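Here the structure is laid out as C-alpha cells; the discussion comes afterwards.
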Amino acid sequence: MITKQQLKIILFSSAILLLIIIYGSFDPSSSHFFPKCPVKTAFHIDCPGCGSQRAIHALLHFDVVQAFKFNALLVIALPYLALALGLTLIKNPSEKITSLRNRLYGHHATLIVLGVVVFFGVFRNIL
C-alpha cells in the first residue's frame, strides 16, 4: 500500500521528470507553447524571472555560461532550492537540521531572499 507521503513523492518526481523532458527537448526561445512573461509583455522590462525557461533549457544541455546569461539569479538559486527540498524530505530531523532549516528558510531568510530578488530585478534593468 502506498502511503500519502510516498504518493506525493511519486507525483512530484513525475512532474519534475516531465518538465525535464519538455525543457530538455524544446527550446523556449523558438517554441511557441511556452508562456511569455506578462511583465515583459506589458511593460517591456525584465522581471526577476525573465529568462528562467531559457536558462533551464541551457542547464539541461550543460551550458552553464549561457544559462547564467539568461538568468543568473536562477542559476545561483538552484543549489539553495535543492537544499530546501532535501531538508524538507528528512523525516524526524535532528535539532541541528531543524535549526539549519529555520536559519536558511525562516522569516529573516525570506526577507533577505525577497530583497535579493527585488535588487536583481532592478539591477538587471539598469544595465
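Since every read-out is calculated from the coordinates, none of them should be taken as a lab result. Quick caveat: nothing in here was measured; it's all calculated off a predicted structure. Backbone-built Cβ (ideal geometry, glycine too); neighbour counts: all protein chains shown.
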Exercise for the section: Could you check the simple spin-label distance between residue 78 and residue 109, using points 7 Å along Cα→Cβ, in nm with one decimal? Expected result: 2.0
Practice task
Would you mind telling me which residue in 106, 51, 24 has the biggest mean-square fluctuation in a Gaussian network model of the chain, where springs connect alpha carbons within a distance under 10 angstrom?
Solution key: 106
Completion exercise
Whole-Hz Karplus couplings 3J(HN,Hα) for the stretch 105-114, θ = phi - 60° and coefficients 6.51, -1.76, 1.60, Gly and Pro as x, run 9, x, 4, 5, 5, 4, 5, 5, 4, 4
Practice task
Assign unit charges at the C-beta atoms only (+1 for Lys and Arg, -1 for Asp and Glu), then state the dipole size of the chain relative to its Cα centre in Debye, rounded to the nearest 20.
Solution key: 300
Practice task
Report the calculated FRET efficiency for residue 90 and residue 44 (r = Cβ-Cβ distance, R0 = 41 Å), to the nearest 0.05.
Solution key: 0.40
Problem - Correct choice for mean projected area of the Cα convex hull in nm² that was computed from the model, options [x] 10.4; [y] 8.2; [z] 11.7 - result: [x]
Practice task
Would you mind finding the longest exposed-site-free stretch of the chain, with exposed chymotrypsin sites (Phe, Trp or Tyr not before Pro) meaning DSSP loop and at most 12 other Cβ atoms within 10 Å?
Solution key: 63-127
Exercise for the section: Would you give the gap between the C-alpha center of the stretch 1-77 and the C-alpha center of the stretch 94-114, rounded to a whole Å? Expected result: 25
Completion exercise
Calc'd 3J(HN,Hα), the stretch 59-76, phi into Karplus 6.51 cos²θ - 1.76 cosθ + 1.60 (θ = phi - 60°), Hz, glycine/Pro = x, comes to 5, 5, 9, 6, 9, 5, 4, 5, 4, 4, 5, 5, 7, 5, 4, 4, 4, 6
Fill in the blank from the handout: Counting only DSSP loop positions in the stretch 1-60, the trypsin sites (Lys or Arg not before Pro) whose Cβ has at most 15 other Cβ atoms within 10 Å are 36
Fill in the blank from the handout: Scoring the chain by relative contact order with C-alpha pairs under 8 Å, at least six apart, yields a percentage of 21
